[in-house]
Amino acid sequence: MSRIGRKPIVIPAGVTVTVDEAAHTVAVKGPKGSLNSNYHPLMTVKVEGNEVLVTRPNDEPEARSLHGLTRTNIANMVNGVVNGYEKKLEIVGVGLRCQKQGSNLVMNLGFSHQVNIPDTEDCTIVWQAPNHFSVTGIDKHGNKIIVKGIDKEKVGQYAAEIRAKKPPEPYKGKGIRYEGEVVKHKEGKAGKGKK
């Protein structure tokens with residue numbers, strides 16, 4: 001048995017979980033909103049008391065691989081409608097900056113144009129103004145952006161799309177990176193006369 005798959009999911013107070021076995025869907029409703037998801041027909045999902053149980057029919061490789069996945073997806077939905085999810089990004093580099101204008105995040109990333117990223121139905125972007133300045137007044141630590149939402153997958157995807165607008169380059173590390181992300185630096189070109 002999958003150690004993750006056989007763990008029951010405890011339903012917190014204020015959350016309702018509805019399973020439609022015919023359509024293979026799970027609906028979770030909580031204080032922050034509601035989420036729906038399909039699960040594989042091989043899996044059996046049942047609500048018993050204040051717990052959700054996920055079982056598999058046999059020990060075939062496909063069933064074993066889906067067991068933990070299905071349980072984790074439902075647990076993420078339950079956690080999302082109660083606590084929500086967030087992904088933190090930071091813009092690092094001189095001249096790179098952003099700010100929130102209404103529901104749009106407007107970024108200056110060194111291009112000839114500004115990059116606008118709007119809030120979506122599922123994700124909202126929170127901008128934190130920089131609070132670290134160097135002696136010259138130029139921001140060295142960048143702006144922080146937090147992507148928030150109740151769907152873990154959509155929050156992660158939207159954060160990845162924002163990072164893709166200007167990934168960190170390998171020489172000075174300028175660009176958008178996840179908070180705590182380690183960027184491997186390359187050595188610049190060697191001086192004349194060196195091979």
Cα gyration tensor category, rounded, prolate or oblate, for region 18-65 with a/c compared to 1.5
prolate
Give the angle, between 0 and 90 degrees and rounded to the nearest 10, that separates the Cα long axis of helix 152-163 from the longest principal axis of the Cα atoms of the chain.
20 degrees
Scan (i) 11.6; (ii) 17.3; (iii) 10.3 for the value of mean projected area of the Cα convex hull in nm² calculated from this model and give just the label.
(ii)
Net dipole in debye of the chain [+1 Lys, Arg Cβ; -1 Asp, Glu Cβ; about Cα centre; nearest 20]:
1380 debye
The chain, relative contact order in percent, only Cα pairs under 8 angstrom and at least six apart counted
18 percent
In terms of the alpha carbon gyration tensor, root eigenvalues a ≥ b ≥ c, rounded if a/c is under 1.5 and otherwise prolate when a/b exceeds b/c or oblate, region 85-129 is oblate
Estimated vicinal HN-Hα couplings, Hz - region 60-77 in sequence order (Karplus 6.51, -1.76, 1.60; Gly, Pro = x)
5, x, 5, 5, 5, 5, 7, 4, x, 4, 4, 5, 5, 4, 5, 4, 5, 5
What is region 1-110 by shape, rounded, prolate or oblate, if you read a ≥ b ≥ c off the alpha carbon gyration tensor as root eigenvalues and call it rounded for a/c under 1.5, prolate for a/b larger than b/c, and oblate otherwise?
prolate
How much accessible area does residue 90 have with a 1.4 Å probe, in Å² rounded to the nearest 10?
30 Å²
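The values are calculated or read from the model by the stated rules, or taken from the named source; none is laboratory data. For clarity, every value in this text was computed on a predicted model and none was experimentally measured. Neighbour counts run over all protein chains shown; Cβ positions are idealised from the backbone, glycine included. Keep in mind that these areas ignore ligands, DNA and RNA; they rest on the heavy atoms of the full protein, side chains included. Shrake-Rupley method; radii C 1.70, N 1.55, O 1.52, S 1.80 Å.
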